[in-house]
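Asker: One structure is given below, represented as structure tokens, and several questions about it will come after.
The values are calculated or read from the model by the stated rules, or taken from the named source; none is laboratory data. What you are looking at is a predicted structure, and each value in this text was computed from that prediction instead of being measured. The protein model used for the area step is the full one, side chains on, heavy atoms only, and it has no ligands, DNA or RNA in it. Shrake-Rupley method; radii C 1.70, N 1.55, O 1.52, S 1.80 Å.
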Amino acid sequence: MTGGRTRGWWDEYRDHLPVALVDLAELEHHAVELRVCLVIHIPALLQTTDHARALFREVAPPLLPYEVEHRLSHRIKRQGVLHGDQAVRYTALIHEAALRMGFGGRDSVRAQLQHLMDMGERDNITTRVIPFGSGFPGTGQSIDYLSGHVSQLDTVQLDTHHGCEFLDAQSQLTKYRSVLDRMETAALTPVASRDLIHRLARQL
């Protein structure tokens, strides 16, 4: 997917962050569509600064303050793919559990939920919630599916305790496309998802 590679903003982080995080930013930059599914966390590209900082402070083993700030600035810059004339198509499937985790305290959570609703209004972004009680056709692992200009260039990124893991074998891509398709059938519509997020925000 990055065959025509040129230096990008992500290269300034190669001496400060794990290589896989830098590579992920580059893959997102070259992708034509992104589909993600998360159970515990809000998708990285839809996180507010306060929410992301709260997450980085929970990392084990703990990060030093300057490491938190490196990761934070990298994450916020990654979000640029959702904006501008070349904004990527983005579908986020978020389990209700992620909306209720409470990272950063009440004010931070309320702002994060409002941000989700605001971003879901963009033409290129679809936000759908998988509610409690609907079943869950997966293992609970976070999935990022990055689509290239042709399907042979697609990549799946999985979050693990030892870092990012990238998959690109055709059998693996087929499997994860199927998993995401099934998760979409378990999710609420975008309108119903917004209503649920709004109710949760009002309860805070």
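Asker: Can you send over the solvent-accessible area of Asp107, 1.4 Å probe, protein chains only, in Å² to the nearest 10?
Answerer: 110 Å²
Asker: If you count the DSSP beta bridges with both ends in the chain, what percent of them are antiparallel, to the nearest 5? Don't jump to the answer; show the numbers that get you there.
Answerer: Values: 14 of 26 bridges.
Here the antiparallel bridges make up roughly 55 percent for the chain.
Asker: Follow-up. May I ask you to list, by number, the DSSP H helices of the chain whose Cα span along the axis is at least 18 Å and whose average Kyte-Doolittle hydropathy reaches -0.5 or more?
Answerer: On the way: long enough: 65-78 (20 Å, -1.57); 106-119 (20 Å, -0.69); 170-186 (24 Å, -0.92); 190-203 (20 Å, -0.44).
Result, helices passing both filters: 190-203.
Asker: Here is a further query. Pick out which of Val39, Val19, Val59 has the largest mean-square fluctuation in a Gaussian network model of the chain, springs linking Cα atoms closer than 10 Å.
Answerer: Largest GNM mean-square fluctuation: Val59.
Asker: Using the heavy atoms of the protein chains and a 1.4 angstrom probe, tell me the accessible area per residue for the chain in square angstrom. Write down the numbers at each step before the final one.
Answerer: Values: 10550 Å² over 204 residues.
Computed with neighbouring chains in place, this is 52 Å² per residue.
Asker: Here's a follow-up. Would you list Tyr176, Tyr66, Tyr145 from the most to the least accessible area, probe 1.4 Å?
Answerer: Working: Tyr176 35, Tyr66 135, Tyr145 5 Å².
Highest to lowest solvent-accessible surface, that is Tyr66, Tyr176, Tyr145.
Asker: Leaving ligands, DNA and RNA out of it, rank Val32, Val191, Val22 by accessible area with a 1.4 Å probe, largest first. List each step's numbers first, then the result.
Answerer: Numbers: Val32 45, Val191 105, Val22 0 Å².
Solvent-accessible surface, decreasing: Val191, Val32, Val22.
Asker: Can you pull the percent of the chain's accessible area that's carbon plus sulfur, 1.4 Å probe, other chains left in place?
Answerer: Working: 5280 of 10550 Å².
Roughly 50 percent of what the probe reaches on the chain is carbon or sulfur.
Asker: Express the Stokes-Einstein translational diffusion coefficient of the chain in µm² s⁻¹, to the nearest whole number, given a Kirkwood radius over alpha-carbon pairs, 20 °C and a viscosity of 1.002 mPa s.
Answerer: 123 µm²/s
Asker: Let me ask something else. Of the candidates His149, His29, His74, which one comes out as most mobile in a Gaussian network treatment of the chain with C-alpha springs shorter than 10 Å?
Answerer: Fluctuation is largest for His149.
Asker: Running a GNM on the chain with Cα contacts under 10 Å, which residue among Glu121, Glu96, Glu26 ends up with the highest mean-square fluctuation?
Answerer: Greatest mean-square fluctuation among the candidates belongs to Glu121.
Asker: Same structure, new question: Can you sort Cys37, Cys164 by 1.4 Å-probe accessible area, starting with the largest?
Answerer: Details: Cys37 0, Cys164 30 Å².
Ranking Cys37, Cys164 by accessible area, largest first, yields Cys164, Cys37.
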